[in-house]
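Engineer: Have a look at the structure that comes next, please.
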Amino acid sequence: AWKKFSAKEFSSKEDFEAEVVRHIETTLARSLFNCDEAAAYGGTSLAFRDRLVIEWNKTQQNQTFADPKRVYYLSLEFLMGRALDNAMLNVGMKDVAKDGLSDLGFRMEDIIGQERDAALGNGGLGRLAACFLDSLATLNYPAWGYALRYRYGIFKQEIVDGYQVEIPDYWLDFNPWEFPRHDVTVDIQFYGGVRKYMDESGKQISVWENGEIVTAVAYDAPVPGYGTKTTNNLRLWSSKASHGEFDFTKFNSGEYEASVADQQRAETISAVLYPNDNLERGKELRLKQQYFWCAASLFDIVRRFKKSKKAWSEFPNQVAIQLNDTHPTLAIPELLRILIDLEGLNWDDAWDIVQKTFGYTNHTVLPEALEKWSVPLIQHLLPRHLQIIYDINLQFLQYVERSFPKDRDMLGRVSIIEESQPKMVRMAYLAVIGSHKVNGVAELHSDLIKTTIFKDFVKIYGPDKFTNVTNGITPRRWLHQANPRLSELIASKLGGYDFLKDLTLLHKLENFVDDKDFRKEFQEIKYANKVRLAKYIKEAQGIPVNPSGLFDIQVKRMHEYKRQQLNIFGVIHRYLELKDMSPEDRKKMQPRVSIFGGKAAPGYWMAKTVIHLINQVSKIVNADKDIGDLLKVVFLEDYNVSKAEIIVPASDISEHISTAGTEASGTSNMKFVLNGGLIIGTCDGANIEITREVGDDNIFLFGNLAEDVEDLRHGHFYGGFEIDPQLKRVFETVRNGTFGDAGQFSALVNSIVEHGDYYLVSDDFKSYIDTQKLINEAYKQQDEWLTKTITAVARMGFFSSDRCIEEYANEIWNCEPLPPPEKN
Ligand code: 26V
């Protein structure tokens with residue numbers, strides 16, 4: 001019999017050191033003679049990986065044996081960040097590793113810092129998927145994530161002369177966390193045609209044939225849970241040329257270049273993550289990515305189901321598939337194709353299975369962000385799927401016609417096909433029709449989708465098909481890893497780390513809100529986190545900032561709806577006010593540090609202009625001797641997950657100031673408050689629920705409400721409108737060249753002054769700067785401020801992604817955890 005391999009317990013630092021050295025010398029084939037931090041990172045990762053892999057194998061074995069209903073989270077994005085620190089947290093023994101590394105002459109932080117972020121996502125949507133994986137494993141749900149193995153993640157951002165420059169993110173040259181599964185492959189077809197015929201029984205059969213084949217190869221990464229042995233799987237598909245006859249003939253006949261070109265074309269599919277551009281549509285390669293990933297994942301899911309030899313009607317009892325936005329919507333016609341064309345089910349049975357299997361999460365109501373694909377493109381690339389989409393639409397419209405015989409316009413409004421030139425497939429409608437539940441990501445957002453983009457569908461299906469699951473964040477990464485001292489302090493008061501598994505336990509912290517020692521330490525930790533960020537800012541950006549100033553932070557993707565322009569105009573306003581003052585008056589002012597960070601989509605000129613303005617303001621203000629520490633402006637280059645882990649714990653105030661009704665949820669708002677920072681924000685997304693939880697004394701809300709936005713916009717065009725006078729003064733300063741050539745910023749200013757101020761910057765400006773003043777005054781009352789921050793932390797329990805996952809499991813997936821067996 002085989003003797004089971006068991007990963008070495010490194011219960012002592014000597015054991016750990018021996019494992020690290022063994023990996024460096026053998027697995028990495030490196031001499032210890034010049035063991036640098038990169039090698040130490042490699043050795044440490046491999047030592048922890050060994051232990052992770054054992055639990056991973058056991059988990060998968062146990063799931064195969066028990067064969068419970070599984071959850072499949074289909075997301076084109078997983079913004080995982082770094083893995084080593086998380087692995088150490090979940091395996092345990094971080095302290096042992098720290099001592100061991102120290103013996104070898106390394107500091108733990110430096111070794112952790114060697115790892116490149118796995119940046120397979122754009123922003124909130126991708127990070128949400130990563131938090132969900134963490135919670136699914138922690139709560140023992142049998143769940144897999146499916147995505148693409150991009151060779152290039154989201155681009156790296158450099159700021160050159162104040163402008164954003166994009167650098168490719170080639171991240172895979174050393175990635176100890178992935179396991180190629182060259183034996184797990186799926187052949188995926190594109191193009192070709194559909195042949196139809198009648199079989200002996202008179203049934204119509206469709207065969208999709210003569211297409212081009214590309215092979216999907218699986219790469220797996222372990223996803224460990226916290227405080228459990230459950231280790232789930234994230235499966236990433238990589239594309240490569242299929243070794244069908246076609247290539248081979250070319251190769252043998254000497255057409256080497258052509259055969260290599262085919263190979264490169266195939267590999268291009270999984271080459272690069274698309275940055276969600278402002279208006280970048282209809283790229284064939286993106287559609288190819290979507291189908292390639294959906295088809296490979298569904299083949300894998302169906303293959304696993306078929307092993308159990310259950311009847312097809314059992315499929316929805318064994319499989320729940322969650323569609324993260326509309327990107328995986330092609331999974332709906334693909335599952336129909338598998339069931340009908342390949343497995344011989346009839347339409348009605350197949351449709352019933354499909355609808356019961358899928359759930360769809362919507363993440364935006366912005367019309368320009370809703371996916372549409374042209375009918376000719378789908379016809380060309382996926383001819384059989386287009387037929388199926390038309391069949392779905394026909395059945396659906398017949399049903400609508402029967403239900404609403406008097407509303408003739410309804411059919412055109414809800415049709416999956418938009419009758420434009422060319423015709424377009426509305427992916428969100430297809431996702432709604434093909435799923436049993438549709439959810440938004442915060443209460444306001446879930447209400448809005450029911451009254452705007454999906455209004456007609458609420459009439460058709462009734463309100464119960466639509467539900468809300470307010471987003472959440474994992475406290476493991478966003479409290480314990482990012483802010484270890486705060487986590488330790490909380491544990492010391494609550495009697496252990498149970499709150500990391502049940503975040504609602506934080507409420508007990510309110511008992512300590514008057515505890516002198518606790519308050520002092522809480523405050524010291526915030527200060528230390530600000531010192532750490534100040535140090536980073538000095539190193540990375542060369543700007544000295546005083547950690548005792550009020551740190552005001554806005555870090556997120558650059559977008560007009562998120563309104564970084566409102567923030568920077570507010571900063572300019574403050575600068576002008578300070579300049580107006582006498583030196584004596586200035587001394588009474590609250591010193592502030594305004595920190596920005598975020599990437600603009602490469603083709604989004606307005607967002608890039610805002611970055612440029614921030615950098616210009618930074619240059620002028622930071623050099624102004626009159627101003628000194630009273631105002632410093634920083635644009636932090638290349639904001640990403642690992643930088644967020646330094647930035648988030650260091651805020652006094654963070655900005656979540658989107659035009660009301662535009663930010664579906666936001667999740668960094670939750671991270672900042674959980675780490676003892678307060679929020680300045682609009683009544684938008686999850687800000688509203690954060691207010692409900694922490695109390696309106698502990699958050700700074702301002703601005704117009706979502707319900708008034710439409711009228712205000714209308715008024716801008718038909719009522720004629722006056723720009724706020726204080727904002728006008730800011731514009732004059734921009735126009736007179738104070739921050740460099742005014743021409744560069746004219747489009748930005750004109751979008752407000754001349755083109756209707758779509759995002760209501762002027763309407764909200766006064767309310768915004770008044771609230772900032774209020775914050776300055778509140779911050780001076782350090783004692784009250786501290787009470788607010790502690791109270792807010794204590795009330796953030798609701799926003800754990802564990803709570804979200806329980807809601808999805810109960811309300812949408814109808815599935816149960818599978819705890820690891822006691823003995824294994
Ligand atoms: C995409 C695009 C693409 C082109 C046009 C402009 C535009 C605007 C927004 C988007 C976002 C698409 C979906 C998305 O990432 N939504 C984010 O999902 C997060 C997780 O639910 C949520 O917290 C954010 O509020 C939401 O913006």
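Engineer: Taking the stretch 546-568 only, how many residues are part of a loop (DSSP other than H, G, I, E, B) and within 18 Å of GLN772 (Cβ to Cβ)?
Structural biologist: Summing the residues that are part of a loop (DSSP other than H, G, I, E, B) and within 18 Å of GLN772 (Cβ to Cβ) in the stretch 546-568 gives 2.
Engineer: Ok, one more. Quick check: anything in the stretch 717-729 touching a residue at least 12 places away in the same chain (Cβ under 8 Å), away from the ligand (no atom under 16 Å from the Cβ), charged (D, E, K, R) and buried (at least 18 other Cβ atoms within 10 Å of the Cβ)?
Structural biologist: Checked the stretch 717-729: at least one residue is touching a residue at least 12 places away in the same chain (Cβ under 8 Å), away from the ligand (no atom under 16 Å from the Cβ), charged (D, E, K, R) and buried (at least 18 other Cβ atoms within 10 Å of the Cβ).
Engineer: Let me ask you something else. How many residues does the stretch 488-506 contain that are under 24 Å from the mean Cα position of the chain (by Cα) and surrounded by fewer than 22 Cβ atoms within 10 Å (Cβ to Cβ)?
Structural biologist: Total meeting the criteria: 3.
Engineer: Give me a count of the residues in the stretch 401-432 that are crowded, with 22+ Cβ neighbours inside 10 Å and either in a helix (DSSP H, G or I) or under 22 Å from the mean Cα position of the chain (by Cα) (or both).
Structural biologist: Count: 7.
Engineer: Residue check: is ILE321 more than 16 Å from the ligand (Cβ to nearest atom), part of a strand (DSSP E or B) and under 24 Å from ASP220 (Cα atoms)?
Structural biologist: Values: more than 16 Å from the ligand (Cβ to nearest atom): yes; part of a strand (DSSP E or B): yes; under 24 Å from ASP220 (Cα atoms): yes.
Answer is yes for this residue.
Engineer: Please indicate, with yes or no, whether at least one residue in the stretch 166-176 is more than 25 Å from GLU637 (Cβ to Cβ) and surrounded by fewer than 24 Cβ atoms within 10 Å (Cβ to Cβ).
Structural biologist: Let us first name the residues in the stretch 166-176 that are more than 25 Å from GLU637 (Cβ to Cβ), namely 176.
Now drop any that are not surrounded by fewer than 24 Cβ atoms within 10 Å (Cβ to Cβ), which leaves 176.
Scanning the stretch 166-176, I find at least one residue that is more than 25 Å from GLU637 (Cβ to Cβ) and surrounded by fewer than 24 Cβ atoms within 10 Å (Cβ to Cβ), so the answer is yes.
Engineer: On to the next question. Can you find even one residue in the stretch 740-756 that is modelled with pLDDT of 95 or more, within 22 Å of ASP580 (Cβ to Cβ), assigned to a helix (DSSP H, G or I) and not hydrophobic (A, V, I, L, M, F, W, C)?
Structural biologist: No, the stretch 740-756 has no match at all.
Engineer: Let me confirm something: among ASP348, ASP325, ASP352, which residue is among the charged types (D, E, K, R) and crowded, with 19+ Cβ neighbours inside 10 Å? Please lay out each step first, then the result.
Structural biologist: Numbers: ASP348 fails: crowded, with 19+ Cβ neighbours inside 10 Å; ASP352 fails: crowded, with 19+ Cβ neighbours inside 10 Å.
One residue alone meets the criteria, ASP325.
Engineer: Do we have LEU533 as modelled with pLDDT of 95 or more, under 28 Å from the mean Cα position of the chain (by Cα), in a helix (DSSP H, G or I) and not acidic (Asp, Glu) here?
Structural biologist: Working: modelled with pLDDT of 95 or more: yes; under 28 Å from the mean Cα position of the chain (by Cα): yes; in a helix (DSSP H, G or I): yes; not acidic (Asp, Glu): yes.
Here the answer is yes, as LEU533 does meet what is asked.
Engineer: Does ILE775 satisfy the criteria of being crowded, with 16+ Cβ neighbours inside 10 Å and under 30 Å from LEU506 (Cα atoms)? Please lay out each step first, then the result.
Structural biologist: Values: crowded, with 16+ Cβ neighbours inside 10 Å: yes; under 30 Å from LEU506 (Cα atoms): yes.
Against the criterion (crowded, with 16+ Cβ neighbours inside 10 Å and under 30 Å from LEU506 (Cα atoms)), ILE775 qualifies.
Engineer: Let me ask something else about it. Condition first: within 9 Å of the ligand (Cβ to nearest atom), at pLDDT 95 or above and not in a loop (DSSP other than H, G, I, E, B). Now tell me which residues in the stretch 352-369 satisfy that.
Structural biologist: Matches in the stretch 352-369: THR361 only.
Engineer: Could you list, in sequence order, all residues of the stretch 589-648 that are part of a helix (DSSP H, G or I) and polar (S, T, N, Q)? Spell out how you get there, then give the answer.
Structural biologist: Restricting attention to the stretch 589-648, the residues satisfying the condition of being part of a helix (DSSP H, G or I) are 605-622, 628-630, 641-648.
Across the stretch 589-648, the qualifying residues are THR609, ASN615, GLN616, SER618, ASN622, SER642.
Engineer: What are the residues in the stretch 221-235 that are β-branched (Val, Ile, Thr) and assigned to a strand (DSSP E or B), if any? Break it down stepwise before answering.
Structural biologist: We begin by selecting, within the stretch 221-235, every residue β-branched (Val, Ile, Thr); these are 223, 228, 230-231.
Matches in the stretch 221-235: VAL223, THR231.
Engineer: Now, a different point. Tally up the residues in the stretch 433-467 that are of a type in the set (Val, Ile, Thr) and part of a strand (DSSP E or B), please.
Structural biologist: Let us first name the residues in the stretch 433-467 that are of a type in the set (Val, Ile, Thr), namely 433, 438, 441, 449, 451-453, 458, 460, 467.
Remaining after also requiring part of a strand (DSSP E or B): 438, 467.
Counting residues in the stretch 433-467 that are of a type in the set (Val, Ile, Thr) and part of a strand (DSSP E or B) gives 2.
Engineer: With respect to PHE396, determine if the residue is hydrophobic (A, V, I, L, M, F, W, C), buried (at least 22 other Cβ atoms within 10 Å of the Cβ) and either more than 16 Å from the ligand (Cβ to nearest atom) or not assigned by TED's automatic domain parsing to the domain that holds LYS459 (or both).
Structural biologist: Values: hydrophobic (A, V, I, L, M, F, W, C): yes; buried (at least 22 other Cβ atoms within 10 Å of the Cβ): no; either more than 16 Å from the ligand (Cβ to nearest atom) or not assigned by TED's automatic domain parsing to the domain that holds LYS459 (or both): yes.
It is false that PHE396 is hydrophobic (A, V, I, L, M, F, W, C), buried (at least 22 other Cβ atoms within 10 Å of the Cβ) and either more than 16 Å from the ligand (Cβ to nearest atom) or not assigned by TED's automatic domain parsing to the domain that holds LYS459 (or both).
Engineer: To continue, here is another question. Wholly within the stretch 66-175, which helices (runs of 4 or more DSSP H) include no fewer than the required count, namely at least 3 residues that are hydrophobic (A, V, I, L, M, F, W, C) and outside the structural domain of VAL441 (by TED's automatic domain parsing)?
Structural biologist: 84-91, 94-103, 108-112
Engineer: Restricted to the stretch 664-702, and to residues that are assigned to a loop (DSSP other than H, G, I, E, B) and within 12 Å of the ligand (Cβ to nearest atom), which residue is nearest to GLU645 (Cα to Cα)? Even if it seems obvious, please write down each step before you answer.
Structural biologist: Residues of the stretch 664-702 assigned to a loop (DSSP other than H, G, I, E, B): 664-667, 675-677, 682-686, 695, 699, 702.
Now narrow it down to the ones that are within 12 Å of the ligand (Cβ to nearest atom): 664-667, 684-686.
Working: ALA664: 23, SER665: 20, GLY666: 17, THR667: 14, ASP684: 24, GLY685: 22, ALA686: 21 Å.
Looking at residues that are assigned to a loop (DSSP other than H, G, I, E, B) and within 12 Å of the ligand (Cβ to nearest atom), I get THR667.
Engineer: Run ARG286 past the list (1) touching a residue at least 12 places away in the same chain (Cβ under 8 Å); (2) more than 16 Å from the ligand (Cβ to nearest atom); (3) part of a helix (DSSP H, G or I); (4) under 22 Å from TYR429 (Cα atoms) and report the number of the one that doesn't hold.
Structural biologist: (2)
Engineer: Give the stretch 373-386 a look and list any residue that's crowded, with 17+ Cβ neighbours inside 10 Å and in contact with a helix residue (DSSP H, G or I) (Cβ under 9 Å, 6 or more places away or on another chain), or say none.
Structural biologist: Result: TRP373, VAL375, LEU377, ILE378, LEU381, LEU382, ARG384, HIS385, LEU386.
The values are calculated or read from the model by the stated rules, or taken from the named source; none is laboratory data. It should be emphasised that the depicted structure is a prediction, and the values quoted were computed from it without experimental measurement. FYI the Cβ positions are ideal-geometry reconstructions off the backbone, even for glycines, and counts take in every protein chain you see.
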